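**Q** Next up is a structure, given as structure tokens.
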Amino acid sequence: MKQRGHRRGRGRLGLALLPIIATGLTAYGRVQSALDPAGPDAARISRLWWLMVVVCTAVFLLVLAFLLHGIYRGRRRDAAANDDTARQRMTRAVTAATTVTVLILFVLLVASVWTGRAISSKPDDDVIDVEVVGHQWWWEFIYKDAAASQQVSTANELHVPVGKTVVLKLTSRDVIHSFWAPNLQGKKDLIPGHFIIFPLRADREGTFRGQCAEFCGAQHAHMAFTVIAQPEDQFLAWLDAQRRPAAAPTDSLMARGQQVFLSKPCVMCHTIRGTPAGSRVGPELTHIATRPTIAAGTLEMNRGNLAGWVVDAQSIKPGSRMPPNSLTSEELDALLAYLESLK
Ligand SMILES: [Cu+2]
């Protein structure tokens, strides 16, 4: 009785975990799967994956079949074994098996090297440059422009135009991170002090999840990002909107919120273009209200989550580089109204 209850409990735990796993894979409507490619390089990787699965499954089944055959025949022929012929057959079988193994491994090696070369070949047409900076524990995406005032910096949100190659320049401010958006590309490390070129192209519209894939400290698991692939005109409109300085407060509550922001430690770490806040320790907040999530995919963007994060980020992402802030409820109300107006 006790046993059965225990087993049933475990089954229920498994069932309870399913939605959690499913949410993890499709958090906030974003999918993350290397088997659902949305770009040419991801398609190459998924073809390689399928080739390996098919070949390895066939080899596995063949080995099982030979094994069963051997067990069966071995029993039957044990008594009548003729040493010389048996040895000859054995030599022939081992030679054949070794040759086939080497051939198969060679085919897989060629396919793998071929895929690797195709992925890292540099595009030559006109491309968009984006600098990707890894931070513990969030992503900064900087859209480069010759004019510094036209440069755009976003956090945890990479927009790309469909059908165009975006050249990512990967680097890190602190430790090694790894950029991985499996629907679009393979993985690539971000190394402090280096710029690593990584082309990425989406062939269809969609919102895809990406994740840091190199353990980088306590909040590594909370270092996700979103890739939004959209038609080029929508992408350009988005970029244009991001280039604008922050919206000025339109009522007294927002004005008070801006004053709170500028008089609190927030200015030591954050930029809001159009105000005196210009520090780059944390994400730029000029258009924070347009983001679907905050804290690197950890929280959905809404007033409650924003409040919880601003007051005590440490209880949400322990160890994060944002300290707790003591604010009166009047200050917090005004600050939230201001942040939510930064569209
Ligand atoms: Cu990491």
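**Q** For the pair ALA241 and VAL107, what calculated FRET efficiency results from E = 1/(1 + (r/R0)^6), where r is the Cβ-Cβ distance and R0 = 45 Å, to the nearest 0.05?
**A** The computed FRET efficiency comes out at 0.35.
**Q** Would you list TYR143, TYR338, TYR72 from fewest to most Cβ contacts within 10 Å?
**A** Sorted ascending by nearby Cβ count, the order is TYR72, TYR143, TYR338.
**Q** Under unit Cβ charges (Lys, Arg +1; Asp, Glu -1), what dipole magnitude, rounded to 20 debye, does the chain have relative to its Cα centre?
**A** Numbers: 38 positive and 29 negative charges, 427 e Å.
I would put it at about 2040 debye.
**Q** Then there is this: If you build a Gaussian network model of the chain, linking Cα atoms that sit under 10 Å apart, which residue out of CYS266, CYS212, CYS56 swings the most?
**A** So, out of CYS266, CYS212, CYS56, the one fluctuating most is CYS56.
**Q** Taking neighbour Cβ counts within 10 Å as the exposure measure, how do VAL132, VAL310 sort from fewest upward?
**A** VAL310, VAL132
**Q** Also, quick follow-up: Debye calculation, C-alpha points only, no solvent: report log10 I(q)/I(0) for the range 155-195 at q = 0.23, 0.26, 0.27 Å⁻¹, in the same order as the q values.
**A** -0.90, -1.07, -1.11
**Q** Taking the Cα atoms only, what angle lies between the long axis of helix 232-243 and the longest principal axis of the chain, rounded to 10 degrees?
**A** Relative to the chain, helix 232-243 is tipped by roughly 40 degrees.
**Q** What fraction, in whole percent, of alpha-carbon pairs in the range 210-325 exceed 24 Å separation?
**A** On the way: 2168 of 6670 pairs.
Distances greater than 24 Å cover 33 percent of the Cα pairs.
**Q** Under 10 Å, Cα contacts only: if you run a Gaussian network model on the chain, which one of ILE104, ILE272, ILE128 comes out with the highest mean-square fluctuation?
**A** Among ILE104, ILE272, ILE128, the largest mean-square fluctuation in the Gaussian network model of the chain belongs to ILE104.
**Q** Which distance in nm do the two modelled labels at SER120 and GLN151 give, with both placed 7 Å along the Cα-to-Cβ direction?
**A** 2.8
**Q** Can you run phi through the Karplus equation (6.51, -1.76, 1.60; θ = phi - 60°) for the range 187-202 and list ³J(HN,Hα) in whole Hz, with x for Gly and Pro?
**A** 9, 8, 6, 10, 10, x, x, 10, 10, 10, 7, 9, x, 9, 9, 9
**Q** OK, next. Quick check on packing: order 62-71, 107-116 by the mean number of other C-beta atoms within 10 Å, highest mean leading.
**A** With the highest mean Cβ count within 10 Å placed first, the list reads 107-116, 62-71.
**Q** Can you give the calculated 222 nm mean residue ellipticity of the chain, where each DSSP H run of n ≥ 4 adds -39,500 (n - 2.57) and the sum is split over every residue, rounded to the nearest 500 deg cm²/dmol?
**A** Counting only the DSSP helices, I get -15000 deg cm²/dmol.
**Q** Per residue, how big is the convex hull of the range 107-246 when only Cα atoms are used? Give it in Å³.
**A** Spread over its residues, the Cα hull of the range 107-246 gives 130 Å³ apiece.
**Q** Compute and list, largest first, the equivalent-ellipsoid semi-axes of the chain from the alpha carbon gyration tensor, each √(5λ) rounded to a whole angstrom.
**A** 53, 27, 16
No lab work stands behind these numbers, since they all come straight from the coordinates. As the structure is a computational prediction, the values presented were derived from the model and not from experiment. Glycine gets a Cβ as well: all are built from the backbone with ideal geometry, and neighbour counts include every protein chain shown.
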